[in-house]
Amino acid sequence: MSSNTRERRQWIEPPPLDPPPALRDLVGGSALLAGHLARKGFATVSRARAFLSDARYSPASAAELPDIEPAVDRLNRAIKSRERILVWGDFDVDGQTSTALLVSALRRRGAQVDFHIPNRFTEGHGIHLPTLKGYLDGGVELLLTCDTGVAAHEAVDFANSRGVDVVITDHHALPARLPEAVAVVNPRRLPEAHPLLELPGVGVAYKLIEALPGDEDPADLLDLVALGIVADVMLQVDDTRYLLQRGLNLLRENRRAGLGAILERAQIPAAQLNEGHIGFAIGPRLNALGRLDDANPAVELLTTSDDERARFLAGRLESLNARRKFLSSQVYESAIAQIEDQPWLLDYAALVLSHPDWHPGVIGIVASRLVEEFGLPTVLIAVPDAVGRGSARSVAGVDIGVALELSAANLTRYGGHSMAAGLTLPAENIFAFRRALSRAAREMAGDAPADHSLTIDGFVGLDEVSLELARDIERLAPFGNGNPPLTLASRNLKIAGRRGLGRKGEHLQLNVEDENGNRQRVIWWRGAGRDLPRSRFDLAYTLRASVFRGQSEALVEWLDFRLADDSAPQLRTDESLEIVDRRVCRDPQAELERAWQASPENLVWAEVDQPPGAVDRLNLRQCETLIVWSSPASAEIWAAALATAEPARLVLIGAPTSQEGKTAFLRRLAALVKYAINQKGGIADLEALAAAMGEREGAIQAGLQVLRATGKLDYAVTAGGQFRLRFAAAPASHELAMRQERLELVLCESRAYRKYWTTMRIQDGDDDN
């Protein structure tokens, strides 16, 4: 859908650069790495060394943070006097790790410490006054915040009125006026370009502990700092990168029982852990607590030394994370269904969607995914009753916090920063809010076209892609915000094979081949349903070391492609290919027999209505002549078939299929499902079903969803991506009509491509006899 119509990005190729020999020597002679470092501003050996190695970097002193002295004095006095200290955090990973770090460090010093992380659903972000009152009534004498508090004027004033001092550590944007706290330790108060400016909340907490007097070294807490830096997507520069490098080294030593239990559950070898594991495995599990439940157990998980207790808590995280994935998938599918049903929603400058059944804890995750997919500021609103609760995510050039302020007449509450925010509003205001937010977003973005550029860091031949090169590139890690992975490109490739990956076939595994026959496996995450190039192309990708089927390998991850020349995509660019075009003929069967008689070794590709001896897409092989009996359902299937068969001669027939329309499609799919349940133990492969049906995998998924919505079928997806099917006897779901409409849309796309394929232009010089 949108992914097929998204504007192709303009590639910005690296300017010629001859890095100094000393810089090349530093990175083992690699011109690619040396050039990249020089373009990033690390042109001297000393600066490059400081970037590559934390041992060569000189960190800034904690004393440079604003208000650090009064914060240390007040905290030190509380420790010595055995005052009761309350650490107040936040429910995301940065808040969890900040709280765990402060609690651990202060208890080591003999402090009396309680902690509290607010509940997302009953208290919300920030300092909840009724909860705070209960702690103050219980005898708390010092309130210490982390990752929150910089705008908590009411809570600070209330604490002051009760004679309780407040020390704030935070990293969020500054309000017009700071609270009347004993200290407000926030790196946002530093001048621009200060090396401490980009610290996360847990980084500020670490610096506070580092500044406390005594011989206690807090360096063993840097694993917590690394978690917060990556999970909060902080800009990895200066001291923030330095702390992350040290923290990752500590994480690989696997000293913390709770993190060890998480790694065990996620099947991540500690010694191989990197920032990607934090961002895509550890962080989401910890965040699941705050999104769906109470985040306070995260502090126990991150501080306990009891292995059994750690495993128990990690198991709770695992189940919550599985639920988060399920709920996120539900919300995403529902959002896409809304867009397919109401495509005019994409005409607005901001995408605003709502639904009564969405879980408010996961809508922010899905909003981020929709921003990536559609390139629009996105707000998802859960509307369980008359009040809608929304999460907003934005794009470069649109400050969503300001946009909400301009739309405030429709809102009850809102808050956040330039790229993410939360809001509540009366459900009846959603339509007016969509218009107001879209107007604000359009004014902010102006008429300037969106930036669709892609910066290429270097071109390499496919034969140069290797595990050794991947490991060389990893010397630039950790990657992330401020230090993205290198974007490499290879020229003049073709698709030489493809298959679906993932539990739902949402990813693609491709084989690409250059002019010299060198091949490389490529993964295109969420690539299913995207247009594949139908002629030679240049590929942009990232490269990293990975483990596939127990073996270390160079993993190539698809980013973008551009055609190798400016010509329109054709059936094939090889001018030696002979094409016999019989797509418009009165007697397709006679044409098939004539082509087959010409050479009995010819391969006939047919799906749905298969003549004897024909093969489907899964059984294609290299052949001299390929006879195409049935028209393909998509450009992706067509391109993959040509790349697999590599024929010297094509005979195109494209006979009409007997499977036309939703009813016939569902009848045939139901028959295949019945056969799988009765004869194959209920196990069915998505790719095999698609081949048997002559359809795209997305159509099979949509069809199975319809059958499940009727109540007559249920299924689960195995770890290997297969469907485990079983008969059911449940009432029809209220989603049945919506699922049927979505299936009709998918089948319409297939019919439209088949119709186009039967008339698409054949290159000049084809055989018309």
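The values are calculated or read from the model by the stated rules, or taken from the named source; none is laboratory data. Not measured: the values here are computed from a predicted model. Counting neighbours? That spans all protein chains shown, and the Cβs are built from the backbone with ideal geometry, glycine included. Calculation scope for accessible area: heavy atoms of the full protein, side chains included, ligands and nucleic acids excluded. Shrake-Rupley method; radii C 1.70, N 1.55, O 1.52, S 1.80 Å.
At a Cα cut-off below 17 Å, give the aspartates and glutamates reachable from Lys133, other chains included and same-chain residues fewer than 8 away excluded.
Straight-distance partners of Lys133: Asp114, Glu123, Glu141, Glu154, Asp157, Asp165.
Among Ser634, Pro21, Leu65, pick out the residue whose Cα is farthest towards the positive end of the charge dipole of the chain, where Lys and Arg carry +1 and Asp and Glu carry -1 on C-beta, about the Cα centre.
In the chain, that residue is Ser634.
Which net charge results when you count Lys and Arg as +1 and Asp and Glu as -1 among the other residues whose beta-carbon is under 10 Å from that of Ala48?
+4
To the nearest 10 degrees, how steeply does helix 635-645 sit against the main Cα axis of the chain, on a 0 to 90 scale?
70
Please give me, ordered by residue number, the trypsin sites (Lys or Arg not before Pro) of the range 589-663 that lie in loop per DSSP and have at most 12 other Cβ atoms within 10 Å.
Within the range 589-663, the qualifying trypsin sites (Lys or Arg not before Pro) (loop, at most 12 other Cβ atoms within 10 Å) are Arg621.
Taking 8 Å as the Cα distance limit and 6 or more residues as the minimum spacing, I'd like the relative contact order of the chain as a percentage.
Relative CO of the chain lands at 8 percent.
Among Lys662/Lys755; Lys494/Lys662; Lys662/Lys712, which pairs are too far apart, with a Cα-Cα distance over 23 Å?
Checking Cα-Cα distances, Lys494/Lys662 exceed 23 Å.
Restricting attention to the range 159-246, which trypsin sites (Lys or Arg not before Pro) occupy a DSSP loop and are surrounded by at most 16 other Cβ atoms within 10 Å?
Arg162, Arg177
Taking a label point 7 Å from the Cα of Ala408 along the Cα→Cβ vector, which residues of the range 414-431 have an amide N closer than 11 Å to it?
Those under the cut-off are 414-415.
For Ala564 paired with Leu467, estimate the spin-label separation in nm (one decimal), with each label point 7 Å from Cα along the Cα-to-Cβ line.
2.9
Restricting to DSSP H runs of at least four residues, report the calculated mean residue ellipticity at 222 nm for the chain, -39500 (n - 2.57) per run over all residues, nearest 500 deg cm²/dmol.
Here the helix-only value at 222 nm equals -12000 deg cm²/dmol.
Would you mind calculating the gained length between Ala688 and Ala730 on full extension (0.36 nm times residue separation, minus the Cα-Cα distance), in nm to one decimal?
12.4 nm
Asp25 accessible area, nearest 10 Å², 1.4 Å probe?
Approximately 120 Å² for this residue.
Given a 1.4 Å probe and the protein chains all in place, what does the accessible area of Met234 round to, in Å² to the nearest 10?
Approximately 20 Å² for this residue.
When you count, for each residue, the other Cβ atoms within 10 Å and take the mean per peptide, how do 288-300, 741-753 rank with the highest first?
Going by the mean number of other Cβ atoms within 10 Å, highest first, we get 288-300, 741-753.
Using Cα-only point scatterers and the Debye equation, what is log10 of I(q)/I(0) for the chain at each q in 0.07, 0.10, 0.11 Å⁻¹, rounded to two decimals?
-0.60, -1.16, -1.34
Could you report the range 143-214's accessible area per residue, 1.4 Å probe, as an integer in Å²?
Heavy-atom SASA per residue in the range 143-214 reads 35 Å².
On average, how much accessible surface per residue is there in the range 601-734, in Å², for a 1.4 Å probe, leaving out ligands, DNA and RNA?
On a per-residue basis, the range 601-734 sits at 41 Å².
Calculate, for Glu340 and Glu372, the FRET efficiency according to 1/(1 + (r/R0)^6) with r their C-beta to C-beta distance and R0 22 Å; round to the nearest 0.05.
Step by step, r from the Cβ atoms, then E = 0.80.
Length gain on complete extension for the stretch Ala427 to Ala193, per 0.36 nm per residue less the alpha carbon to alpha carbon distance?
79.9 nm
Taking amide hydrogens as modeled 1.01 Å from N in the peptide plane, which residues meet the under 5 Å criterion relative to Ser630, leaving out close sequence neighbours?
So Ser630 has HN proximity to Glu607, Gly654, Ala655.
Which length gain, in nm to one decimal place, applies between Arg107 and Val233 when the Cα-Cα distance is subtracted from 0.36 nm times their residue separation?
42.5 nm
Which values, in whole Å and largest first, are the semi-axes of the equivalent ellipsoid of the range 238-329 obtained as the square root of 5 times each eigenvalue of the Cα gyration tensor?
Taking √(5λ) for each Cα gyration eigenvalue gives 21, 16, 12 Å.
Roughly to the nearest percent, how much of the accessible area of the chain is carbon and sulfur, given a 1.4 Å probe?
48
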